[in-house]
């Protein structure tokens with residue numbers, strides 16, 4: 001089910017650019033981890049795991065873009081995580097999700113992991129969160145309409161800015177066979193639409209949390225309005241994630257996602273391909289991932305671990321089948337959701353080890369310690 005492979009591929013990069021972006025992403029993660037250790041309330045730690053699992057599952061659901069029936073999009077989730085956790089913890093969470101997707105599901109290239117962390121994690125979590133804060137303000141009580149507009153604006157900026165980096169990174173790598181401006185224009189146009197839909201999804205999650213547990217959004221003054229217990233909120237998000245990954249993923253769009261369509265399926269003037277033929281090194285890394293990914297493309301391995309062979313398509317539905325009812329997709333989604341929950345929670349515990357709760361005055365982040373203290 002290749003449609004679920006959603007992130008930047010190895011063929012878009014050269015080895016030097018891949019190495020540089022991996023170093024940049026690693027440095028950024030180190031800096032944000034230190035910052036998270038200083039600012040993260042230990043009682044937020046379960047929320048990192050729960051929301052990491054939710055974002056992993058939600059990313060499996062591709063949706064057809066309005067006005068563009070030939071392509072699809074999916075939630076990035078960086079802005080949503082930044083709103084709930086703060087940008088530092090959100091970056092760590094997104095990096096964990098993207099690493100799991102890359103290593104277990106071959107979703108995103110191994111060499112492109114640094115780019116994916118930068119494009120889908122660092123940029124949306126910083127720029128999107130910054131615009132969200134500018135629009136929503138820093139008051140402890142934010143009107144619902146203002147918070148929703150702020151979230152939409154943050155998603156538009158974060159998603160589009162991250163997507164705009166893909167053509168630039170590919171151009172620096174010397175991988176483009178078309179003018180970078182052409183690829184850039186298409187990527188921005190497609191991801192503006194994706195940003196609109198991501199804003200709606202973020203809107204829905206914020207609306208739920210605003211009604212159920214306002215403290216999750218730092219709305220300390222509304223704490224007396226808590227309608228659902230902390231455990232119930234956590235459980236509802238985990239159950240929703242499992243349903244998304246295990247069942248709703250069958251009904252995801254079968255059209256190529258925005259990135260894949262922009263460089264593989266979109267036709268640029270007379271160019272036969274937007275990307276030059278990969279090098280032998282890139283092919284070798286692709287083969288390595290194919291050999292050792294336990295559930296490549298969120299499906300069963302066609303061969304045993306360590307071998308490369310033709311995919312078994314005897315029982316596989318066609319790419320155009322909808323709904324694509326596939327037990328292996330469900331299993332992969334549930335396994336990925338569970339692994340992400342445990343892995344992100346473990347990372348959060350490491351960050352919060354021996355951490356003392358820092359006192360602070362009312363802010364958009366104060367009150368989150370009242371959100372979820374147990375899974």
* Give the residues of segment 60-73 that are buried (at least 24 other Cβ atoms within 10 Å of the Cβ) and closer than 19 Å to residue 247 by Cβ, sorted by residue number. => 60, 72
* Asked: Going by the conditions given, is residue 358 at pLDDT below 90 and either closer than 24 Å to residue 53 by Cα or buried (at least 20 other Cβ atoms within 10 Å of the Cβ) (or both)?
  -> no
* Among the residues of segment 324-355 satisfying the criterion of being modelled with pLDDT under 80 and surrounded by fewer than 15 Cβ atoms within 10 Å (Cβ to Cβ), which is nearest to residue 53 (Cα to Cα)? -> 353
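Matching residues to (1) over 18 Å from residue 205 (Cβ atoms); (2) at pLDDT 95 or above:
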residue: 133; (1), (2): no, no
residue: 140; (1), (2): yes, no
residue: 152; (1), (2): no, yes
residue: 156; (1), (2): no, yes
residue: 161; (1), (2): yes, yes
* **Among the residues listed as 17, 55, the single one being closer than 29 Å to residue 327 by Cβ, touching a residue at least 12 places away in the same chain (Cβ under 8 Å) and assigned to a helix (DSSP H, G or I)** => 55
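Considering 264, 259, which residue is in a helix (DSSP H, G or I), under 26 Å from residue 324 (Cβ atoms) and in contact (Cβ under 8 Å) with a residue 40 or more places away in the chain?
Details: 264 fails: in contact (Cβ under 8 Å) with a residue 40 or more places away in the chain.
Selected residue: 259, the only one of 264, 259 that is in a helix (DSSP H, G or I), under 26 Å from residue 324 (Cβ atoms) and in contact (Cβ under 8 Å) with a residue 40 or more places away in the chain.
Restricting attention to segment 274-285, which residues are part of a helix (DSSP H, G or I) and surrounded by fewer than 19 Cβ atoms within 10 Å (Cβ to Cβ)?
Going residue by residue through segment 274-285, those that are part of a helix (DSSP H, G or I) are 280-285.
The answer is 280, 281, 283, 284.
From the list 11, 43, which one is assigned to a helix (DSSP H, G or I), surrounded by fewer than 24 Cβ atoms within 10 Å (Cβ to Cβ) and touching a strand residue (DSSP E or B) at 6+ places or on another chain (Cβ under 8 Å)? Steps first, please.
Numbers: 43 fails: touching a strand residue (DSSP E or B) at 6+ places or on another chain (Cβ under 8 Å).
The unique qualifying residue is 11.
The values are calculated or read from the model by the stated rules, or taken from the named source; none is laboratory data. Quantities reported herein were computed from a predicted structural model and do not represent experimental measurements. Using ideal geometry, Cβ is built from the backbone for each residue, glycine included, and neighbour counts are taken over all protein chains shown.
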